[in-house]
Amino acid sequence: MHTVDQVLIPALGMFPAKYGAVHKIWRADDSRFVLLFEDNPANGDIGIRIHSALSTILSTRITSLVGIDGAFGPVDTRWFRAFPGEDIRKETGEYFVKNLGLRGAEFCHIVFDEPFELWGVDDRELYVEALHVWRSNRVDEFIQLQKKRAYAILGNFIRRMCETESHVGALTICGNLAGFVATEAGAKGYSYAIIRPAGISKSVSSEQTATPADLRTEDRKAICCNVLTAVLIWKADEQLSKLPEALDEFGYPNYDPDAAAEWVEQGQASYLSQDYEKAIGYLGRAVQMYSILYKSHQEKICLLQESREAEEADRFQARAQLIARIWATAEYNLGIALWDSGKYDGAEAHWNKAVEINPRFERAWANKGVAMIRRAEYEAAVECCDKAIELNPEFPDSWYNKWSALVHLGKPGEAEPCLRTFERLKAQAQR
């Protein structure tokens, strides 16, 4: 690692602050050194700084290989480089970076004095699948796919480094994904440095953290380019005040109640065929869509009330109440699918959510009683069942669950009437 110690490390130590800063350096025994440039493709100013930072590194001649995510194989910028005159190329490139989504690495490839290789290192199938999964709101599955994608990106980049006999390579990658790639690089024994451009916000950095205060306009626009950022925004912004606007702007598919209802139907059909995992997937999408719909309605209601449009606010309030009831039912059904697949804690969480959304949902209260019995919290189980019975004394399961809790409490005298009521209601239901 002679050239790394003599050229690269001093260059990183003198990195111009106006371009960014070296966030972390990890040294390992392997001779390959990966420079990870955190990127936010939706922010043109970040793209310009990526270009400047890359130019600084490329000027040392320690590498002539730059990788980029979201692309596959050699990246062709000949259309831009065919423009006559350096000034025209630079002016046109800057315009495309700031307004039309050209990446900083691509801009550098257009205007840098000496040629270098710009290579797309993403995995096409994982990229498309991750985008589809995110649009379906399967957050946990999406994050796992991002980790697989990071593994593939690093593997493709290292492979290209070997093919070009490069000991040092620069990789520009969307900020959150960079964290996963860095983790993989360290695990594989490769040295790496994370370079964070000036002005990049925390919600698109490799630290993978976000708070509502960190969310800015360019972060919301990163939905198309960096879907993990969008998920973090969605999870962090509890008010979701800007999400419907962002979803509309980028054509989020199936952003309507009909799509969510279809997911409920598919989930129920999968449950009846005992395909619990598929049922969980469909119902999970439905509950997240209903959550978005409900919260966006609440935002609309607040705006209408502030502008004193009472009639329109009442209309949206009625729609919100309907969505809430359907949302609670979807949470309840998701809990049943999780319970029957052995995921008891997850089931309990969704039944809790169901009664939070709709406190008059007797079936969810009854099932909460089942969850309490499993936890051996029998007094709490009786309370849940009593609540269900208060709301609907004709629902048999509430009486059966109360009987079970009382038996566990050693109160057979109180339990017996509950069992008789259950058997009577079940017999009536079967007539």
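The values are calculated or read from the model by the stated rules, or taken from the named source; none is laboratory data. Note that the structure is predicted; figures quoted are calculated from it, not measured. FYI the Cβ positions are ideal-geometry reconstructions off the backbone, even for glycines, and counts take in every protein chain you see.
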Helices (runs of 4 or more DSSP H) wholly inside region 91-204 that include at least 3 residues being closer than 29 Å to ILE62 by Cα: 104-111, 139-163, 175-188
Among (1) more than 22 Å from THR77 (Cβ to Cβ); (2) buried (at least 17 other Cβ atoms within 10 Å of the Cβ) - the single one LEU102 does not satisfy: (1)
Residue within region 338-357 that is in contact (Cβ under 8 Å) with a residue 12 or more places away in the chain, in contact with an Asp or Glu (Cβ under 8 Å, 6 or more places away or on another chain), among the β-branched types (Val, Ile, Thr) and crowded, with 17+ Cβ neighbours inside 10 Å present: yes
Pair list, Cβ under 7 Å, 6 or more apart: region 56-82 residue under 22 Å from TYR95 (Cβ atoms), other residue in a strand (DSSP E or B) and of a type in the set (Ser, Thr, Tyr): VAL66/THR172; ILE68/THR172
Residue within region 283-297 that is more than 29 Å from the chain's Cα centre (by Cα), among the aliphatic types (A, V, I, L, M) and part of a helix (DSSP H, G or I) present: no
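Which residue out of LYS387, LYS411 is closer than 25 Å to GLU348 by Cβ and at pLDDT 95 or above?
Just a single option satisfies the conditions, and that option is LYS387.
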Filter pass, ARG103 being among the basic types (Lys, Arg), in contact (Cβ under 8 Å) with a residue 12 or more places away in the chain, touching a Gly at 6+ places or on another chain (Cβ under 7 Å) and within 18 Å of GLY169 (Cα to Cα): yes
Test: residue in region 60-68 that is within 19 Å of GLY47 (Cα to Cα) and either at pLDDT below 85 or exposed (fewer than 12 other Cβ atoms within 10 Å of the Cβ) (or both): no
Residue match in region 334-341 (condition: over 21 Å from ASN367 (Cα atoms) and modelled with pLDDT of 80 or more): no
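At least 3 residues that are assigned by TED's automatic domain parsing to the domain that holds ALA279 in each: list the helices (runs of 4 or more DSSP H) lying fully within region 300-412 that qualify.
On the way: elements: 310-340, 344-357, 362-374, 378-391, 396-408.
Correct list: 310-340, 344-357.
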Criterion violated by ARG124 - all others in (1) farther than 23 Å from PRO74 by Cβ; (2) out of contact with any Asp or Glu (no Cβ under 7 Å at 6 or more places or on another chain); (3) surrounded by fewer than 16 Cβ atoms within 10 Å (Cβ to Cβ) satisfied: (1)
Residue among VAL111, VAL139 that is under 30 Å from GLY85 (Cβ atoms), among the β-branched types (Val, Ile, Thr), crowded, with 16+ Cβ neighbours inside 10 Å and assigned by TED's automatic domain parsing to the domain that holds ARG81: VAL111
Options ILE25, ILE48: the member that is modelled with pLDDT of 70 or more, more than 22 Å from ARG103 (Cβ to Cβ) and not acidic (Asp, Glu): ILE25
Filtered residues of region 64-87 (kept if assigned to a loop (DSSP other than H, G, I, E, B), in contact with a His (Cβ under 8 Å, 6 or more places away or on another chain) and closer than 17 Å to GLY169 by Cα): VAL75
Test: residue in region 253-262 that is hydroxyl-bearing (Ser, Thr, Tyr) and at pLDDT 70 or above: no
From GLY120, GLY104, GLY155, residue being farther than 17 Å from PHE37 by Cβ and modelled with pLDDT of 80 or more: GLY155
